[in-house]
Amino acid sequence: MYMVKKSKAEELAIFGGESLFATPKSTSNLVRPDFEKFLSYSKLFFDQRQYTNNGPLVRLLEQRLANFHQTEFCITFCSGFWALTLAISALATKGRSEIVMPSLTYRRMADIAAWVNLKPHFCEVEPTSLAVSAATVSSCINANTALILGVHPIVNSCDIDGLVGLAKEKNIPLLFDSVESVYESSDSGKVGCFGAAEVFSLHASKLLNGFEGGYLTTNDAYLAERLALTRGFGFKGVDHIVVSGGMNTKLNEIHAAMALASLDDLEDQVFRNRQRYYTYKRLLASIPGIRLLEFEESHQTGYKNIVVELLERWTLTRVDTLRILNAENILARAYYSPPLHRKRMAYDHVPVDLPATDILAERFMLLPCGHLVSNDDVDETVRLLSFLSTNANLIINHLQNNGVK
Ligand SMILES: *Cc1c(COP(=O)(O)O)cnc(C)c1O
């Protein structure tokens, strides 16, 4: 189906050649659990005619996720975005105006702050982990700090113990965005049980596919009860006493059915992710100028994302590399670029200079991964990268002469 082998620069799709892949190879997980399992879960709620409002599957999913993360409570939501927003709103210290978060992170993070009327105070990330640490966060803490958002990077985890220690010392609530670390663990335990709470997503592009959805784990009974009420209009009991600030951000039963089927498949998925990762690792080792971000295998890890750094020896710019790959239907993407502090923002934020983030934001890219990418696809992708590496100067000439914008 594929494998138009490229032997000359002119054969690249960006110069009019045939694309390497007939169908796009993306960086979205799009994991597909067993369809029969999805149907058998769905039959449960369908037969009971309870389609939403804390139905049997939402309750089962919450119980299973709480077990998985080894926490007391799990509350599901219609998205990770709203789980984060409502958790921040519940936890942020009242009367204070700033939320500390990384700049090199998920594109919509500043919108989340705006929904809860907090100003993002963007901090640096560590160059080795690409994640926040106690050191990068602590320089942003001041008398206005209402909450620390500890965001896990897409490969490995952030400095969990350091952040927990800092939050305790400064007496500031700590919430983890653990969307990209569902399966990870640290010396201190499994991701899910740290800080005041942790938030995860069930979007189709993430590790657990519930089509859409999100959830929060916590050991705080008061927080769990409050959020469980808020997501369902704030209704309490049959006589519908409205608790303040209610809205509709519940997860429904069909999404829970999909998420349960995905959860059943998780161990197998991680096994497949690991195989893809190992194929990348083995083949990329011989390409000068590209460094694969390696998973820390001393702890449990999900092997989901493939991130590479383009080093000095990689002659093509990242912009050109991405254009060339995208033309081949390899939907590689720049890693969290531009960083949030560089984007124009309509809402209030704390002005900052982040020189380390500026440099890091230019260096990394994501390569195709997930359910629809086979080991052969990985092989073909790396072969193309090897071709780009060997013929970089020729390709650069062609890009200039052919006026490819
Ligand atoms: C995707 C993502 C979210 C939001 O999750 P949704 O379920 O898509 O709303 C939050 N944080 C990070 C780090 C993400 O990657």
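The values are calculated or read from the model by the stated rules, or taken from the named source; none is laboratory data. What you are looking at is a predicted structure, and each value in this text was computed from that prediction instead of being measured. Cβ placement follows ideal geometry from the backbone for every residue including glycine, while neighbour counts extend to all protein chains displayed. All accessible areas refer to the heavy atoms of the entire protein, side chains included, with ligands and DNA or RNA removed. Shrake-Rupley method; radii C 1.70, N 1.55, O 1.52, S 1.80 Å.
For region 181-218, what are the residues that are under 20 Å from residue 147 (Cα atoms) and near the ligand (Cβ under 9 Å from one of its atoms)?
Initially, region 181-218 is screened for residues under 20 Å from residue 147 (Cα atoms), giving 191-200, 215-218.
Scanning region 181-218 gives 199, 200.
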Residue, least open to solvent (accessible area, probe 1.4 Å), within region 185-223, restricted to residues that are among the hydroxyl-bearing types (Ser, Thr, Tyr) and assigned to a loop (DSSP other than H, G, I, E, B): 205
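If you go through region 40-50 one residue at a time, do you hit one that is within 30 Å of residue 401 (Cα to Cα), among the basic types (Lys, Arg) and modelled with pLDDT of 95 or more?
No: region 40-50 contains no residue that is within 30 Å of residue 401 (Cα to Cα), among the basic types (Lys, Arg) and modelled with pLDDT of 95 or more.
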For residues that are within 15 Å of the chain's Cα centre (by Cα) and open to solvent by less than 20 Å² (accessible area, probe 1.4 Å), scanning just region 80-100, find the one that is nearest to residue 53 (Cα to Cα). 83
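Looking at region 231-238, is at least one residue closer than 17 Å to residue 69 by Cα and crowded, with 16+ Cβ neighbours inside 10 Å? Reasoning before the result, please.
Pass one, region 231-238, residues closer than 17 Å to residue 69 by Cα: none.
Among the residues of region 231-238, not one is closer than 17 Å to residue 69 by Cα and crowded, with 16+ Cβ neighbours inside 10 Å, which makes the answer no.
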Only one of (1) open to solvent by less than 10 Å² (accessible area, probe 1.4 Å); (2) part of a helix (DSSP H, G or I) fails for residue 165. Which number is that? (1)
How many residues, within region 40-66, are under 27 Å from the mean Cα position of the chain (by Cα), open to solvent by 20 Å² or more (accessible area, probe 1.4 Å) and not β-branched (Val, Ile, Thr)? 7
Conditions first: (1) in a loop (DSSP other than H, G, I, E, B); (2) open to solvent by 50 Å² or more (accessible area, probe 1.4 Å). Residue 250 passes all but one, so which condition is the exception? (2)
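Residues are listed down the side, and each one gets a yes or a no for (1) closer than 20 Å to residue 214 by Cβ; (2) at pLDDT below 95; (3) crowded, with 24+ Cβ neighbours inside 10 Å:
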site	(1), (2), (3)
139	no, no, no
144	no, no, no
147	yes, no, yes
150	yes, no, yes
157	yes, no, no
161	no, no, no
170	no, no, no
176	yes, no, yes
183	yes, no, no
If you go through region 6-20 one residue at a time, do you hit one that is open to solvent by 40 Å² or more (accessible area, probe 1.4 Å), of a type in the set (Ser, Thr, Tyr), at pLDDT 95 or above and not in a strand (DSSP E or B)? no
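Considering each of 290, 324, 330 in turn, give the residue that is touching a residue at least 60 places away in the same chain (Cβ under 8 Å), in contact with an Asp or Glu (Cβ under 8 Å, 6 or more places away or on another chain) and more than 26 Å from residue 183 (Cα to Cα). It would help to see each step written out before you state the result.
Numbers: 324 fails: in contact with an Asp or Glu (Cβ under 8 Å, 6 or more places away or on another chain); 330 fails: in contact with an Asp or Glu (Cβ under 8 Å, 6 or more places away or on another chain).
Checking each option against the conditions leaves just 290.
On the basis of being of a type in the set (Phe, Trp, Tyr), more than 16 Å from the ligand (Cβ to nearest atom) and within 30 Å of residue 220 (Cβ to Cβ), does residue 51 make the cut? Please lay out each step first, then the result.
On the way: of a type in the set (Phe, Trp, Tyr): yes; more than 16 Å from the ligand (Cβ to nearest atom): yes; within 30 Å of residue 220 (Cβ to Cβ): yes.
For residue 51, the condition - of a type in the set (Phe, Trp, Tyr), more than 16 Å from the ligand (Cβ to nearest atom) and within 30 Å of residue 220 (Cβ to Cβ) - is met.
Let's see how each residue does on (1) more than 14 Å from the ligand (Cβ to nearest atom); (2) assigned by TED's automatic domain parsing to the domain that holds residue 245; (3) basic (Lys, Arg); (4) out of contact with any helix residue (DSSP H, G or I) (no Cβ under 7 Å at 6 or more places or on another chain):
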position: 114; (1), (2), (3), (4): yes, yes, no, yes
position: 123; (1), (2), (3), (4): yes, yes, no, no
position: 138; (1), (2), (3), (4): yes, yes, no, no
position: 144; (1), (2), (3), (4): yes, yes, no, yes
position: 151; (1), (2), (3), (4): no, yes, no, yes
position: 157; (1), (2), (3), (4): no, yes, no, no
Conditions first: (1) within 30 Å of residue 35 (Cα to Cα); (2) within 16 Å of the ligand (Cβ to nearest atom). Residue 257 passes all but one, so which condition is the exception? (2)
